[in-house]
Amino acid sequence: MIAEQRLNEILQILAEQEFVEVADLSLRLRVSTMTIRRDLQKLSGMGLIQRRYGGATLVAHIGAEDDYSYKKTQHQASKQQLAQIALNQIRDNDILFLDAGTTTYELAVLLHQRQNLTVITNDIAISTELSKNDIHVILLGGIVQKTTLSTLGPAAIDALNRFQVTSAFLGATAISASFNVYTPTMDRAYFKRAAMQIAQKSYVMADSSKFNSYALNLFASLSDFAGVITDRTFSPDEQHRLDTRFINILQ
């Protein structure tokens, strides 16, 4: 098991129980207690866990999403820059899926510059913004997540699976050093995977703050996307690894 898989396993275990001991993790993951302590130190440095005597607990907010009004004020200039890059991938007559989120919302604001679009979304704020313009809007039903103003759950996925789209634009909570893409909740991870499956092309929109960070649920790798829309400046080593895996960076 590689280090990143082990970190994710530790987070999953901690999500299921309040406290876990170093010795228990060592047995379950079949590595030394010294390795587990290093892993816990790394996760603690990321702000994802709290160290306790003999073990660790999960930080309470890791499995939850930040409030929509808070996220909307964060890195707004970067999100607007990414939205313009994303717009360049869209043509008249396209059928799009826009993932719920404040970055994709900035893309929605620009879509009036294209003609005859159909947009499917699970984001209530995005559907409201798009309805101001001559755009065919489909808002997916489902369980309303009030903190993010979006719909999720089996009904939303069932509705989504009835469509096929030209392009899907998805957000991400975190992208690890190994270019895996994470989101806080399991239901959102399932939904994002479903959105990628109905799209001819999928793009992830992630500003530089999302890189080298962690969240609880893995849903994709950067290599799964037709393009990664970001403002991040990559190191030479990162760029080499991106090129080796044929990851297309759009800036």
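Worth pointing out:
- With a requirement of 1 or more residues that are under 20 Å from Thr103 (Cα atoms) and open to solvent by 10 Å² or more (accessible area, probe 1.4 Å), the strands (runs of 3 or more DSSP E) lying completely within region 190-250 that satisfy it span 199-205, 217-221.
- Just so you know, in region 47-71 the residues that are closer than 30 Å to Leu107 by Cβ and surrounded by fewer than 17 Cβ atoms within 10 Å (Cβ to Cβ) include one that is modelled with the highest pLDDT, and it is Gly47.
- The residue that is least open to solvent (accessible area, probe 1.4 Å), among those in region 19-42 that are touching a strand residue (DSSP E or B) at 6+ places or on another chain (Cβ under 6 Å) and not in a helix (DSSP H, G or I), is Val20.
- Residues of region 126-159 satisfying the condition of being farther than 24 Å from Gln197 by Cβ and small (Gly, Ala, Ser): Ser131
- Annotation: Glu129 fulfils all but one of (1) at pLDDT 95 or above; (2) out of contact with any helix residue (DSSP H, G or I) (no Cβ under 7 Å at 6 or more places or on another chain); (3) of a type in the set (D, E, K, R); the unmet one is (2).
- Restricting region 1-18 to residues that are surrounded by 15 or more Cβ atoms within 10 Å (Cβ to Cβ) and in contact (Cβ under 8 Å) with a residue 60 or more places away in the chain, the residue that is nearest to Ser178 (Cα to Cα) is Glu4.
The values are calculated or read from the model by the stated rules, or taken from the named source; none is laboratory data. Note that the structure is a prediction, hence the values are computed from the model and not measured. Reconstructed Cβ throughout: ideal geometry from the backbone, glycine too, with neighbour counts over all protein chains shown. Ligands, DNA and RNA are stripped out before the accessible areas are found, and what is left, the full protein with its side chains, is counted by its heavy atoms. Shrake-Rupley method; radii C 1.70, N 1.55, O 1.52, S 1.80 Å.
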